[in-house]
Amino acid sequence: FAKVLVFAHANDPDGLLSVILAQLAFTEVDYLLTNKPQTDISAYISSKDVVAEYDYIFMSDIYPGRPVLTALPEAYWFDHKQYSVDKIQEHRLELPNAIVKTELNGRPTSGSELFYEWLRAEDLLSNRPVEFVEYIRQVDNWDFA
């Protein structure tokens, strides 16, 4: 049974859904919802040894900043913002566990959808929440086709 830590966007259903998905997939989930990811995550990880304490560290729907990405090289990062894509390219970041893209299946995606797809691919979660994940993706992108 894995113990996981989730850092996600606070004022956004997309960020909150990532925490909910983690709670469905894992038995023990700690989380930090934030609107200032670079500051808040840096403070959080400086206060404890999260790499030793957690089996998985996830970041969703946020740009954590280079200092956080450097401090947590094995963390999984799921984001859909063009800003994050641009920063990866600008700084030539090599992030083996990052899934950062603006589209999935030919339409705008969301951080929680990318996380959900990863959980499904790892066989950690059923397809039961698929409709809710899609609803949050639509809301997050104003994509009501």
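The values are calculated or read from the model by the stated rules, or taken from the named source; none is laboratory data. Quick caveat, the model's predicted, so the values are computed rather than measured. For neighbour counting, all protein chains shown are included, and Cβ atoms are generated from backbone atoms with ideal geometry for every residue, glycine included. The area values use the complete protein model at the heavy-atom level, side chains included, leaving out ligands, DNA and RNA. Shrake-Rupley method; radii C 1.70, N 1.55, O 1.52, S 1.80 Å.
Laid out as a table, the results:
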quantity: Residue check, Ile88 of a type in the set (A, V, I, L, M, F, W, C), in a helix (DSSP H, G or I) and either touching a helix residue (DSSP H, G or I) at 6+ places or on another chain (Cβ under 7 Å) or touching a residue at least 12 places away in the same chain (Cβ under 8 Å) (or both); calculated: yes
quantity: Number of positions in the stretch 41-70 that are free of Cβ contacts under 8 Å to residues at least 24 places away in the same chain and over 19 Å from Ala98 (Cβ atoms); calculated: 6
quantity: From the options Asp79, Asp40, residue that is of a type in the set (Asp, Glu), under 20 Å from Ser18 (Cα atoms) and surrounded by 21 or more Cβ atoms within 10 Å (Cβ to Cβ); calculated: Asp79
quantity: Test: residue in the stretch 114-137 that is open to solvent by less than 30 Å² (accessible area, probe 1.4 Å), of a type in the set (Asp, Glu) and under 15 Å from Gly15 (Cα atoms); calculated: no
quantity: Condition met for Asp55 (modelled with pLDDT of 95 or more, at positive phi and exposed (fewer than 15 other Cβ atoms within 10 Å of the Cβ)); calculated: no
quantity: Residue match in the stretch 95-111 (condition: closer than 21 Å to Phe1 by Cα and among the polar types (S, T, N, Q)); calculated: yes
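This table checks each residue for (1) modelled with pLDDT under 95; (2) farther than 18 Å from Asp49 by Cβ; (3) surrounded by 12 or more Cβ atoms within 10 Å (Cβ to Cβ); (4) not hydrophobic (A, V, I, L, M, F, W, C).
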{"position": "Ser60", "(1), (2), (3), (4)": "no, yes, yes, yes"}
{"position": "Pro64", "(1), (2), (3), (4)": "no, no, yes, yes"}
{"position": "Ala75", "(1), (2), (3), (4)": "no, no, yes, no"}
{"position": "His91", "(1), (2), (3), (4)": "yes, yes, no, yes"}
{"position": "Pro96", "(1), (2), (3), (4)": "yes, yes, no, yes"}
{"position": "Lys101", "(1), (2), (3), (4)": "no, yes, yes, yes"}
{"position": "Leu104", "(1), (2), (3), (4)": "no, yes, yes, no"}
